[in-house]
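Just so it is clear, none of the values below were taken in a lab; they were calculated from the coordinates. Worth saying up front: this structure is predicted, and the values here are computed from it rather than measured. All Cβ positions, glycine included, derive from the backbone under ideal geometry; neighbour counts span all protein chains shown.
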């Protein structure tokens, strides 16, 4: 069981380079093999979720620990890893299935699948790695592939968006590398478990200042990758100009796997928490939640509006996690902290499903009508029934209407905020939810209901592969609300929350002391 | 100690170049300068007084070596920097062909 | 991009094989002297770049060269994965990327297990990648007028 862990990185990497060689010899080879290997990754993820308990670790190269100091590169699979791997493989498989007929408009079709597989390999590598420099290397692989994918159909606005994304992402990566250097200078090791043990036992003068310094640099670096409030300016351009399956992957998976996941992992399991840090993270989450919706109200471009809503929903996840951090540092009731963190992680899972579905819908509309401007569309619900039905489902899910999954996760976060005593945060969460509902009602009115323009008389529904993905994602939107039932919850959410609440357990599992 | 501060000043010079220059190529050179300063910082971390290059040769197995782990990290980081710069330059060349100028004040299609 | 004068062309014809051999020496002695896969690969690519700079932009030959380089790069990475994966099957425990060949004596050329083989594969990959980057930036494919 342990030796299957590196397969998450080997399979996409090997398939990417096999497709690069054989894609020119055998026709359509890329299009056949990519859904097959994504499906095998989904199967492997479910195999790990159902069949393994606790946390597994695996040493690359087989080097044993010397005198209690770990010297090998570790790969760790615990509850939080399984949750994020589930998100990556599900949304990745459905986005690839959608892009089988979407990419026929590009000339260099086969290169799209190679870059996509490299991005999946990078993201898988981030979530399973157990040491910080390995996280950096896989982060760069995923990020560089996504820069190239945003600029894929080389039109003017795509190149400009990709350049802005690259410059800001490059600066963030350099800040992250600087932080890794500072951590290595102080502790002498790169393993996350070993660093956490050393930072806890270190009692020299000035260690508090050092921990604050690296925490601020880490929030700046990874916050830019996760599009938290002061660092969000690249997101509307990049996510609206990319091809639609790539927008769904970027907004639904990439900002979670390379942004929020690393922040959660490093701040719970590596750095000893303090009150000011938790308050900073919670305030940044609240502000990004509010700023995201306020900027989204005045937009008339469909995908740009969805990108701004991504910023505000990420604010929800950060609020959930931040309130958990605040309760742990003040020594309050652990049950409320577990509820809050569980709500945040559940919202992360939900958001990837319904935001992915919304971006795929926007792509379907653009594929048939060649425009994204809300004022020029209208009355498409009679011509494109599957698109309008799934768009309705996703809009209800994102606004938090029962019985869809968005309602349950938002309710859990709001209840936890009220129980912990942060009434203002709960008030803002409800207000933002109402404004989100207003914004999506505007979209539904302008795009699907209303008068049909004469030039759209002849459009048909989208091809089978695109509509299959949209239908499956809408079914998942309803099915994921079953995750609040206790039996289902103990399989998916409870292991993830346990890893974060018992934060010292992580280093005990790996170092064996 | 003064060496670390000079390294950080080099990082800030690169950041100044990215923030305040208007030509696309100068922005790319600014990012490259920032990257070189981080590589220098890493190598200075691993220095041990009086150490030699960390390669075990016959007859010198017990000498004092400098720390080899930052050197391995820097090799990886240099290659990542190569890939980043190459992709930035490729996009910059295509931008020039589409817009006809390298000035970022004229490349302003996406707004709002 | 036009070529350079006849003196430069003749001198590069003499020097480029020497540069290539020097890069190959750095790759193969990667476990004994500083250098290894990355540095040797970049030097080998330098030999290709020098030829292109001296002789100018002969478009049709370079496009065919680019196809070969792309094949070489992907084949080298697949070779790396296969050698690392062989460690899974051959060594006693199921670890990925374990050092399963004979580890020889200190200071010999053939020693240290699979590390020299991995150096050669990485060197080939880096050479192909850097040369592909240079050719892609120099041979601009004009797609605007279709």
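General remarks:
- For the residues of B:71-79, the average number of beta carbons from a partner chain within 10 Å of their own beta carbon is 5.
- log₁₀ of I(q)/I(0) at q = 0.16, 0.21, 0.22 Å⁻¹ - segment C:6-138, Debye sum with one point per alpha carbon: -0.86, -1.19, -1.25
- Helix-derived mean residue ellipticity, 222 nm - over chain A, DSSP H n ≥ 4, -39500 (n - 2.57), to 500: -24500 deg cm²/dmol
- Point-to-point label distance, residue A:375-residue A:401, nm (Cα→Cβ direction, 7 Å offset): 2.7
- Rg to Rh quotient for segment A:152-241, alpha carbon positions, Kirkwood Rh: 1.15
- Residues B:36, A:261, arranged from fewest to most other Cβ atoms within 10 angstrom of their Cβ, appear as B:36, A:261.
- Longest to shortest principal axis, alpha-carbon extents of segment A:2-511, angstrom: 74, 59, 44
- In nm, spacing of pseudo-spin labels at residue B:69 and residue C:22 (7 Å Cα→C-beta vector): 3.5
- Degrees between helix A:192-201 axis and first principal axis of chain A (Cα, 0 to 90, nearest 10): 40
- Among the residues of C:126-137, the average count of other protein chain beta-carbon atoms within 10 Å of the residue beta-carbon is 2.
- Each of A:183, A:435, A:508 was scored by other Cβ atoms within 10 Å of its Cβ. Arranged with the fewest first, they read A:508, A:435, A:183.
- Highest to lowest packing among C:6-17, C:125-136, B:74-85, scored as the average C-beta count within 10 Å: C:125-136, B:74-85, C:6-17
- Coarse-grained scattering of segment A:63-161 at q = 0.17, 0.19, 0.22 Å⁻¹, given as base-10 log I(q)/I(0) from a Debye sum over alpha-carbon atoms: -0.86, -0.99, -1.17
- Length gained on full extension, residue A:106 to residue A:490, computed as 0.36 nm times the residue gap minus the Cα-Cα distance: 133.8 nm.
- Using bins of 5 Å that start at zero, the share of Cα-Cα pairs per bin across segment A:276-317 amounts to 5, 28, 27, 16, 11, 7, 4, 1, in whole %.
- Taking every residue in A:17-23 and counting other chain Cβ atoms within 10 Å of its Cβ, the average works out to 5.
- GNM result for chain B, Cα springs below 10 Å: residue of B:58, B:98, B:26 fluctuating most strongly: B:58
- Computed from Cα positions, the angle between helix A:334-369 and the longest principal axis of chain A comes to roughly 30 degrees.
- Value of Rg to Rh for segment A:230-349 (Rh from inverse mean 1/r over Cα pairs, i.e. Kirkwood): 1.01
- Nearest 10 degrees, 0 to 90: helix B:68-99 Cα axis against chain B principal axis: 10
- Hydrodynamic radius (Kirkwood) for segment A:340-455, which is based on Cα pairs only, to one decimal in Å: 15.3
- Residue exposure sequence - A:388, B:20 - by fewest surrounding Cβ within 10 Å: B:20, A:388
- Projected-area average for chain B over all orientations - Cα convex hull basis, square nanometres: 9.7
- Summarising the label geometry, the points placed 7 Å from Cα in the beta-carbon direction at residue A:69 and residue A:7 lie 3.6 nm from one another.
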